[in-house]
Every structure is written in structure tokens, then in C-alpha cells.
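Following: one structure in C-alpha cells, then a few remarks.
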Amino acid sequence: MMCTSEKKTNAMPCSKRRKAVVPGHRSLVAEDVMTEVLLRLPVKSIVRFRAVCRSWAALLSSEEFHRLHREITREARVPLKLLHFSPTATFSAMAAYSCSLAQGPRDDELLFKLDYAHGKWLQVLMPASCHGLTLLYDDLAKAYYICNVATRAVTRLPHSAPVALHMVSTGLGFDARTREYKAVRLINGGMYQSREQDTIRCEVYTPGGSHGDRWRPAAGEMPFGLRRFAASAVWNAVWQRLAPVFVNRFLHWLIEPRLLFKRPRGAIIYFSVMKETFRCVRSPPFPSSDFGQNPPSAPPGFDLPFAPQKPPAGHLVEMDNQLCLVRDLRSNPHGSNLEIWRLLEYSSGDWSLDHRIDLSGHVMGKELRETQTVRVIGSIDNGRPGKKIIITTCKHTVHEKFERKVHTYDLTSQDLETILSVTETSTSIYGIDDDKPLPSRVGLFEDCLAPMHKTDEEITLSSALSKAVKEILLRLPVKSVVQSKLICKQWLGLIKSESFVHSYFEHKNIGRRPKLMLVGKGIGQSAFRFAPLDTWLSEAPSDSALLDTKVVCSKPCHGMNLVSTATNDYLYNPGTGFHRVYGNRGPQMHLELGSQRVYEAEQHAFAVGSKNVGLTFDPLSGEHVIVEIVYHQKNFHSRGYRSVCELRWCNSAEVSREYLVPLPPLPVNDMPPAYVGGVLYWMSDPRLGRSRERAIVSFDISTRLFDTIPCPSCIVVWSSTSPCRAFVVELQGALCAVLADPVANSLDVWRLKRGRGIWGRVCMIRLEASPDYSLVTNVVVPMAVDPEDGKILLNTGRKVGAYDPVKQTIQNLYSLHEVPLVASERHLEVCQGSHFTASSLSSGDNSTVFTDQPVRMDSEIMPLVPMLYEESLACYPPVAVARSFSFC
């Protein structure tokens with residue numbers, strides 16, 4: 001009773017207070033005051049106040065409130081803030097930080113993390129936000145993101161048609177008439193097209209627009225007279241990483257005049273976000289000597305001769321809501337200046353030289369003059385008459401290290417102050433280029449409540465039901481997940497989404513123990529059968545499941561394995577059954593009599609035919625690539641050889657095209673390559689070529705170039721009388737060099753430390769106590785390291801064991817001798833030279849041999865082959881056509 005009485009007495013004052021605000025004029029006054037207060041709060045507080053009640057959520061989310069808040073913020077001259085991104089410790093995500101540009105102590109504030117963005121590849125496309133929204137780009141996943149830094153809201157734009165071989169420049173604009181944001185892509189597809197073809201096109205995506213979640217052609221076509229200028233603008237934007245600038249309802253691209261055969265009539269191409277049409281405006285009155293008359297030469301493989309050899313004359317920037325052109329004259333022998341020109345009128349093309357920054361007279365001027373890249377990204381008011389210019393710099397320090405800085409330059413006092421300084425390692429998938437700036441990771445943003453429109457896929461995947469289904473699917477085997485696509489369209493969309501594919505791969509493989517499969521002969525359309533080790537050991541595989549040709553399997557690369565025979569290469573996802581077949585080209589290898597004897601005597605379980613093939617992944621096109629080095633001739637006496645190299649992209653609709661590039665600088669041996677971080681590594685063969693020392697040959701798919709790196713000192717030395725064998729492997733994501741010594745019966749394993757170029761010994765694998773793994777009769781390859789107990793998986797082709805580095809013992813996991821085989825005499829005839837020790841043998845055409853006794857296989861053909869694999873949903877659409885590049 002007392003409890004009830006207390007509730008009643010507490011309820012009375014509340015009821016009276018509600019009655020006190022019932023009169024209409026008082027309620028309206030209270031709401032007006034409340035709205036005025038809310039309009040003057042920072043964005044972070046407004047976002048939290050949306051959770052107070054439904055009426056507040058509706059008010060604070062309305063378009064009218066957003067517009068008024070932006071107007072009041074601008075009238076109050078709320079200063080811009082600096083946005084900068086930094087990879088997380090694991091490089092699997094990107095963290096966004098904010099930093100004040102005002103004077104006084106500056107502490108970085110963590111804003112949010114992009115979990116599904118590849119940490120090393122994210123870049124800020126536009127240095128200044130567009131009405132509160134910032135455009136980001138993941139260079140590895142080829143994905144665009146739009147984020148409101150102030151509200152921490154992020155959305156990923158839908159994928160568009162593949163443009164891997166095209167040049168693309170993308171910007172973000174705002175349509176003031178419809179109050180819609182538009183992402184605009186200007187595409188130059190002339191890389192492999194003739195000059196007569198129309199290769200310039202423009203695509204537009206409107207978040208939350210009536211056209212749905214897709215990119216569409218712009219309403220207006222590119223005028224014929226502007227197409228070559230547009231091609232020059234796209235090339236300049238890509239090569240110099242100059243994103244278009246949004247000012248006055250237009251997106252602007254800067255034309256690089258040195259990419260054209262004659263001086264253009266316009267310096268800037270601009271796109272009306274409202275009308276979706278193109279026009280151009282003429283350049284400032286620069287001296288005519290600034291424009292080159294002869295275009296520079298094009299890089300190999302490009303059709304258009306428009307590739308800049310020098311930094312451009314300037315870049316565009318938005319300052320005080322006006323378009324400005326920054327002219328970089330640091331290389332001018334008569335002075336070291338930055339000029340800032342302001343566009344006065346589009347129709348007349350009149351410009352005004354507003355600022356000239358003399359770098360020679362400052363204490364920090366020397367540092368700015370020596371930096372690789374200097375960019376003006378905007379300006380802020382400093383509280384006094386005048387303003388500050390915000391300048392970003394990037395300087396190559398040592399090896400792959402770069403120093404990025406952000407400065408403010410006071411136009412009144414001419415003081416230069418450093419706001420941010422970060423040293424990082426180059427992560428460009430294009431490699432280090434002294435003439436090409438690094439991607440930008442900094443930008444400016446304002447406190448703004450600009451709304452974010454999620455895609456249909458994001459809305460579907462964010463529901464509670466989808467999250468529950470996702471958690472269930474993550475725990476299912478890969479074949480069950482594939483079958484679940486047939487349940488409904490929602491499940492199909494969830495399973496096919498890139499975020500789920502990424503999550504599934506990480507959930508099944510990251511930090512997990514290595515998974516082992518056995519490969520046998522397939523039936524039907526599949527050339528091979530894959531089954532877990534336990535399945536093969538528990539049943540006697542039939543004759544049709546035994547291999548009748550030699551097979552070599554690669555380690556998994558982005559969820560795929562390469563299975564190679566002497567005549568074909570097969571790309572497989574062993575979990576889903578997806579596969580592609582690629583035939584080999586070229587004549588067979590010619591060997592002299594003495595060299596043939598050496599070649600035949602050295603055949604082992606990891607060499608196949610006259611080729612050395614590896615599987616890598618091209619981040620530019622998002623495809624797996626087969627790199628195949630084929631030898632047509634070897635002569636170990638004269639040390640002569642002849643070879644070709646072929647690249648095969650595993651998913652592309654492009655027409656096959658061949659071009660010449662340098663071959664590997666050294667011949668490689670017959671051991672398979674190691675794939676580490678987008679690069680394939682081989683051990684050289686010191687018996688061929690000019691060098692009599694060992695070295696490691698590398699191939700970077702992003703640059704299409706071969707290179708060499710030195711071996712550990714104990715592996716470099718080679719002698720024709722030494723029985724030692726050297727090769728490379730990948731262990732725990734690092735490149736390792738292995739020296740196999742049959743005399744000591746040991747494997748000396750060295751690891752290359754990333755970013756330092758220094759080799760360190762990992763361990764010495766001693767095999768004296770394990771005769772089945774003797775290096776006298778076997779080639780033993782370390783496959784992987786178990787993350788749980790640190791044991792090293794060793795593979796001989798016939799056996800797989802776990803080596804304990806502490807006890808120096810091997811636990812046998814698989815042995816071909818222990819697999820119950822059912823083999824017909826026909827299979828025995830195919831495996832020439834094989835000998836089966838069996839307890840019984842029946843005669844006749846249909847006779848079979850069944851044995852669970854030890855089986856000795858002297859043939860190079862193994863009936864079953866062990867292979868490491870990853871559980872993955874990786875696949876390619878069936879409509880794609882393979883393309884190839886031949887290097888010779």
C-alpha cells in the first residue's frame with residue numbers, strides 16, 4: 001500500500017506540469033526555444049539526443065533542421081577540422097581521427113573504424129567535404145565509401161561495371177535543386193582502344209535516388225570537342241592523384257596541357273551536377289612557355305601517348321566557396337613560390353592572382369621546397385583579419401618510408417606551422433614511383449547533419465533477422481552455405497555480399513589450424529576429387545578416384561588453389577567445386593643427353609613437366625593470376641637455357657593481348673614458388689645462366705616486373721659437388737628460404753623480416769630420427785605452422801607429418817602406405833614403374849588389388865596428393881573469358 005501511495009503522490013506534480021504547458025502559445029514558445037537551443041549544439045550531441053524520444057528523433061532528423069543547423073554553423077564561423085586515417089594494428093581496418101586546426105593543444109580524437117575497408121589501401125579522394133560528406137576509396141577492393149565524419153555514418157556505394165583496365169576519376173557533388181548528392185565517375189577507356197573510338201563516358205550514382213542502387217549514364221553526353229580534353233583530364237587526375245573539386249554546383253577537372261599536341265582552349269573541364277552536362281573554362285594568363293608543344297612518350301602497353309613525365313603545373317582547390325588554381329613554381333629557377341589564382345567568371349574566363357607564397361624566405365621553406373608533393377587543400381579563418389592556408393606535404397625519406405605533414409600558412413604574418421606529422425610505409429599497389437604522389441589520407445570536414453542513404457543491400461543486411469541468419473551461416477561448412485543460396489532471395493543476397501564473403505573467410509581461416517585435403521581423380525566435368533583427409537582414410541577409394549597422371553598443388557591463395565599437370569592448369573575452390581581449366585602452350589623442353597639424365601634423376605613430387613607455375617592475386621583487377629615460366633631448352637653443361645613467361649588472368653572479359661616485358665633476371669629451379677603479400681618468389685637455379693650463386697627471384701603482379709633479392713649468406717654459396725637443395729616457402733605470412741642438407745639430414749629455415757630486408761634463422765629441422773622423412777630419398781617441404789602448438793607440417797608427397805621443434809620428433813598425419821587402395825591392373829600399367837606389395841593378387845582383365853599393407857610407390861605418379869586449403873566462397877562468374885599475356 002505504501003508503494004502505491006508513493007506512486008500517486010509522485011504522479012501529481014508531473015500531471016500539473018503537463019497541464020501548465022497545455023496552452024498553445026506557451027507550448028509553441030517552449031518548442032521554439034528548444035529548437036533554437038538544439039540548433040546551436042554540436043553534431044555529436046544532436047545525434048545522441050535523437051534517442052530521447054520519437055518527437056525529438058523526428059525533429060533532429062528532418063531536412064529542415066539539417067538546413068538550419070548548417071546555416072547557423074556557417075554564420076557562427078565554426079572552424080573546419082582535419083580528418084586523417086591510419087591503419088589499425090592488424091591492417092584489417094582503417095581508423096578515422098579528427099584534429100583541430102586552431103592554435104593550442106591538439107589531441108587526435110578517434111571518430112570511427114571502417115571494419116570492411118582494407119586498412120592499407122583506403123584513401124581520401126576529395127580533400128574538402130561536399131556539404132558535409134566525404135568521399136573515400138578502397139584501392140584494393142575497388143569500393144567507394146561516402147561518410148559523414150561528424151555523425152560517424154558510413155555507406156558503401158554499389159559496384160559498377162568493371163573498369164580495371166580503364167582510367168577513372170570520381171568526385172562527389174550536391175544538386176541544390178533536388179537536394180540530392182551525386183557521385184560522378186569520368187571514365188577514360190582508351191587504354192586498349194583506337195583513338196577514333198569514343199572511349200570517354202560519365203556515370204552518375206544518386207544515393208537514395210529514383211534510379212535505385214546502380215550507376216547510370218549521365219543525362220548529357222560529352223561534347224565531341226571536349227573528348228580529348230576530358231581524356232587528358234582523367235589521365236592527369238589518375239597519374240597525379242588529383243580528384244575533381246566541387247564548387248558552385250560544378251565538379252572541376254584540371255587539364256594537363258603537356259598531354260596534348262597543342263595548347264587547349266580551356267584549362268578546366270567542369271560538370272554541372274544539376275544539369276549533368278560538360279563545359280570548359282579557359283586557363284589563367286600564364287606565359288605561353290609554360291605549355292609544352294611535344295607530348296611525352298607513353299608507358300609500355302598504353303595506346304594513347306598521354307602519360308605525364310613531370311609534375312603538373314598546378315592543382316585545383318576550393319577556398320571561400322570559390323574555385324582556385326594553385327600553381328606550383330618550386331622548380332622555377334627564378335624563385336620558389338606557390339601562386340593561388342581565383343576564378344572570377346565562368347563565361348569570360350577571367351582569373352585573379354590573389355596570393356603568392358614565397359617559400360624561400362621561411363625557416364621551413366627549405367623543407368617545403370624539398371618535399372615530393374605540396375598540395376593546398378583549403379583555408380580557414382584565424383580569428384583575425386586574413387586567413388590561413390592549409391598545406392599538405394609528402395616526402396620520401398628512406399627505403400619505403402614516407403613522411404606526411406599538414407601545415408597552416410598565415411597569409412598575414414606569413415608564419416608556417418606544422419599541424420600533423422606522420423611517417424608511414426608505402427602501401428601503394430602500384431609500387432613506389434618518384435614522380436607519382438602517394439594516395440591522400442587527410443581532408444577537411446565540417447560539423448554537418450547531412451543525411452546518409454544506405455543501399456538496399458545495407459538495409460537488408462542490417463536487420464535483426466539478417467544478423468541472426470549471418471551468425472548461423474558463418475558456422476556452417478562451405479557446401480551447406482552454397483546450398484543455402486536456394487532458400488530465398490534474401491539469403492542469396494546475404495551470401496553473395498562481399499561483407500559476408502569476407503566475414504566467412506576470416507571466421508573459418510584466420511588463426512585456425514591448417515586444413516588438409518587429399519586430391520584424387522574426379523568424375524564428370526571435374527578433373528579432380530577433393531575430400532578431407534579423414535574421409536580418404538576411412539574408406540577405400542575406388543580405381544576411378546586414383547590419379548593416373550602427375551599432379552602438383554599450390555598452397556591456397558585468396559581462397560583458391562592451383563592444381564597443375566604437365567599439360568593443363570586448373571584453378572579450384574575445393575570447398576565449393578568451382579573450377580577453371582587453362583591449357584599450356586609452347587613446345588616441350590629440349591634437353592641434351594647429359595642434361596636429360598640429370599633432369600630425370602632429380603624429378604620429385606613437387607615438379608611437373610618443363611614448367612614452373614605459381615598462383616598470385618592481382619589487386620588492380622581483383623583477379624587471380626597464373627604465372628607460368630616454361631623452359632624450352634636447358635643445357636647444364638653450357639649453362640644455356642631458353643624460356644618464356646605467361647600471365648593468365650582468371651576472370652576477365654577483355655580481349656587477349658600480348659606485349660613484351662623483361663623475363664626473370666635469373667633462371668629459376670624446379671621447386672614451386674611462394675606467394676607472400678601479392679608477390680611470387682622463386683629460388684634461382686645456379687646451374688644455368690651467368691651467376692653461380694643462389695638468389696631469390698620475385699615477381700610483383702601490381703607492377704608486372706621481375707626482380708631479385710639476396711639469399712641468406714649460408715644459402716648463397718653453391719657448389720656443383722654439394723648435394724644441398726635450396727627453395728622458398730611461405731610460413732605464417734612471411735617469406736622463408738630453406739636449405740636442405742642430405743648429409744646432415746636437416747632443413748635450415750630462414751625468414752625475411754618485413755620492411756627491413758634482413759634474414760633471421762627460424763629453426764633447424766632435424767630429421768635424423770625420422771627415416772621416412774630422410775632427405776637422401778625425399779624432398780621434404782615445410783607446408784605450414786600450426787598456430788596452436790607451433791608444430792611445422794612437413795610434406796614429402798607420400799607422407800605429411802607434424803614436426804615438434806622442441807622434441808625434434810614427427811607425428812605422422814598421413815601416409816600413402818596407410819591408405820586402403822583399390823587399384824585395377826589398368827591403373828598399375830598407367831603408373832609405370834610402380835610396385836605394389838600386396839598380400840594377394842588375382843588375375844584376369846577385371847582383377848583388382850586390395851591391400852591395407854604398406855604400399856611402395858616408386859613412380860613419380862602419386863594416386864593421391866595432399867593439399868592445404870582454405871574454406872572460402874571465392875568464385876568467378878561463368879560468363880568471363882580468360883585473357884593471357886605472353887612474356888618472352
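The values are calculated or read from the model by the stated rules, or taken from the named source; none is laboratory data. Since the model is a prediction, treat every value here as computed from it, not as a measurement. For accessibility, only protein heavy atoms count, side chains too; no ligands or nucleic acids. Shrake-Rupley method; radii C 1.70, N 1.55, O 1.52, S 1.80 Å.
Of the cross-linked pairs Lys485/Lys521; Lys555/Lys807; Lys515/Lys791; Lys44/Lys387; Lys611/Lys799; Lys113/Lys508, which ones have a Cα-Cα span greater than 19 Å in the structure shown? Spell out each step's value before the answer.
Numbers: Lys485/Lys521 28 Å; Lys555/Lys807 27 Å; Lys515/Lys791 14 Å; Lys44/Lys387 27 Å; Lys611/Lys799 24 Å; Lys113/Lys508 23 Å.
Cα-Cα > 19 Å for Lys485/Lys521; Lys555/Lys807; Lys44/Lys387; Lys611/Lys799; Lys113/Lys508; rest within.
What accessible area, in Å² to the nearest ten, does a 1.4 Å probe give for Glu417?
Ignoring ligands and nucleic acids, Glu417 comes out at about 60 Å².
Top to bottom by accessible area (1.4 Å), largest first, where do Phe49, Phe246 land? Provide the component values of the computation, followed by the final result.
Numbers: Phe49 75, Phe246 35 Å².
So, going from the largest accessible area down, we get Phe49, Phe246.
Rank Arg77, Arg648, Arg214 by accessible area, highest first, at a 1.4 Å probe radius? Kindly include the intermediate steps, with their values, before the conclusion.
On the way: Arg77 165, Arg648 15, Arg214 115 Å².
These residues rank, largest area first, as Arg77, Arg214, Arg648.
Sorting Arg441, Arg580 by accessible area (1.4 Å probe), largest first, what list results?
Result of the area sort, largest leading: Arg580, Arg441.
Probe 1.4 Å, all protein chains in place: accessible area of Asp350 in Å², nearest 10?
Only protein atoms counted, so the area is about 70 Å².
Thr412 accessible area, nearest 10 Å², 1.4 Å probe?
Roughly 90 Å² of Thr412 is accessible to a 1.4 Å probe.
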